[in-house]
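One structure below.
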Amino acid sequence: MGIYHACMSQIIDLRSDTVTQPTARMRNAMMDAPLGDDVLGDDPTVHRLQERCAELFGKEAACFVPSGSMANQTCIRALTAPGDEILAHENSHIYQYEAGGPAALSGCTFAFFRGARGFFTSEEVRQAIRPDDHHFPRSRLLVIENTNNRGGGSVWPIEQLADVTRTARDLGLRCHLDGARIWNACAATGTRPDEWASHFDTVSACFSKGLGAPAGSIVVGDAETVNQVHRLRKMLGGAMRQSGFLAAAALHGIEHHRDRMADDHRRARRLAEALAQCPDTNIDLDAIDTNIVYFDTGNHDAHEMQAMFESKHVKLLALGPHRMRAVLSMAVDDDDIDRAIPVLQDGLKGNA
Ligand SMILES: Cc1ncc(COP(=O)(O)O)c(C=O)c1O
């Protein structure tokens, strides 16, 4: 073990599921990947990944892009025109965390839903859609996030998701799924990627979160829309040359790391149950569907807690004055959780 890895292994990193390092087998798959120039269209590993994803999601075509944000933003641009309105939850990643991309890149405005855990209903969709009147922006695109990050890794009930998207389509909207963590939703419910995707025009899915790859996301959809996404990827500077190197990591993650996500979900529940034992800590155990644990720190200042936990080698994120998040991933195992729990419990009980 090198010095770097020895130091890393001391730290229990629960900040995000994006902090994972590629496994030895993933690195080998990357090293062995046949490569080409994907901008010229001849990287065989990128082609293999795109074909595999189109098949998995039951769509005509797929385009490999560098990040989840680029996947979402290229879809939004492909499915809207300037002045259009996007219907999404107020906590959605596309609105909160993508640097104003929908406004800057697509000229879109937003109408928001505010339901708990990132969910909303078909009745709310019906009410949000604007009448055909030249005074109003044109309601054009519905975006659902599944699992829902700020909703605490919540998984949409599939019947509700089907109902909401059916209503939106019947009223003339297109539908996009931000499926950065769709793999977690699949692992938690047994619902296949194509079953989720059948309700949407486009889907984005990340390889660099629960699947443990270093980078990359996929867009899937009909051939014409994906062709537009391909063009937009170039326009935004996201076309890469020997990107089969990264596609190989993604393929490895798809084939070997989906089943193990159940471990992340089990560890998230274990951590949540341990945190719930701290008197001041407010945590909704019924809301832990997958690998994300949000909790309130009571009177403790969350940023101070973050610094204090970090000094004891446990990294979490403060996401509000009294709100923290822990995310389970391949970066932590059962032993790490055993070590993290007393540190967090002591801190939250004020004994640190
Ligand atoms: C729900 C969701 N969508 C999209 C993204 C964007 O992914 P990236 O960081 O690769 O741009 C994230 C990242 O955390 C996310 O949580």
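A few points about this structure:
- In the condition set (1) within 16 Å of the ligand (Cβ to nearest atom); (2) open to solvent by 10 Å² or more (accessible area, probe 1.4 Å); (3) of a type in the set (S, T, Y), T290 is compliant with all but (2).
- Scanning the stretch 160-210 for residues that are free of Cβ contacts under 8 Å to residues at least 60 places away in the same chain, more than 26 Å from D263 (Cα to Cα) and not hydrophobic (A, V, I, L, M, F, W, C) yields Q160, D163, T165, R166, T167, R169, D170, G172, H199.
- Subset of the stretch 306-328 [in contact with a helix residue (DSSP H, G or I) (Cβ under 9 Å, 6 or more places away or on another chain), open to solvent by 10 Å² or more (accessible area, probe 1.4 Å) and part of a helix (DSSP H, G or I)]: M308
- Some residue of the stretch 108-131 being surrounded by fewer than 24 Cβ atoms within 10 Å (Cβ to Cβ), within 16 Å of the ligand (Cβ to nearest atom), assigned to a loop (DSSP other than H, G, I, E, B) and at positive phi: no
- Near pairs, Cβ below 6 angstrom, 6+ apart or cross-chain, from the stretch 216-242 (closer than 15 Å to V46 by Cα) to any residue that is open to solvent by 50 Å² or more (accessible area, probe 1.4 Å) and in a loop (DSSP other than H, G, I, E, B): Q242/L35
- One residue alone among C63, C53 is touching a His at 6+ places or on another chain (Cβ under 7 Å), at pLDDT 95 or above and within 16 Å of the ligand (Cβ to nearest atom), and that residue is C63.
- Residue ID - most open to solvent (accessible area, probe 1.4 Å), chosen from residues in the stretch 66-79 that are within 15 Å of the ligand (Cβ to nearest atom) and of a type in the set (A, V, I, L, M): M70
- Qualifying residue in the stretch 13-36 (condition: of a type in the set (D, E), under 30 Å from G118 (Cβ atoms) and within 16 Å of the ligand (Cβ to nearest atom)): yes
- Residue match in the stretch 10-27 (condition: at pLDDT 95 or above and in contact with a Phe, Trp or Tyr (Cβ under 8 Å, 6 or more places away or on another chain)): no
- Remark: L232 matches the filter, which requires a residue to be out of contact with any Gly (no Cβ under 7 Å at 6 or more places or on another chain) and either more than 13 Å from Q50 (Cα to Cα) or open to solvent by less than 60 Å² (accessible area, probe 1.4 Å) (or both).
The values are calculated or read from the model by the stated rules, or taken from the named source; none is laboratory data. On a predicted model such as this, the values are computed, not experimentally measured, just so you know. Quick reminder, even Gly has a Cβ in these numbers, built from the backbone with ideal geometry, and neighbours come from all protein chains shown. Keep in mind that these areas ignore ligands, DNA and RNA; they rest on the heavy atoms of the full protein, side chains included. Shrake-Rupley method; radii C 1.70, N 1.55, O 1.52, S 1.80 Å.
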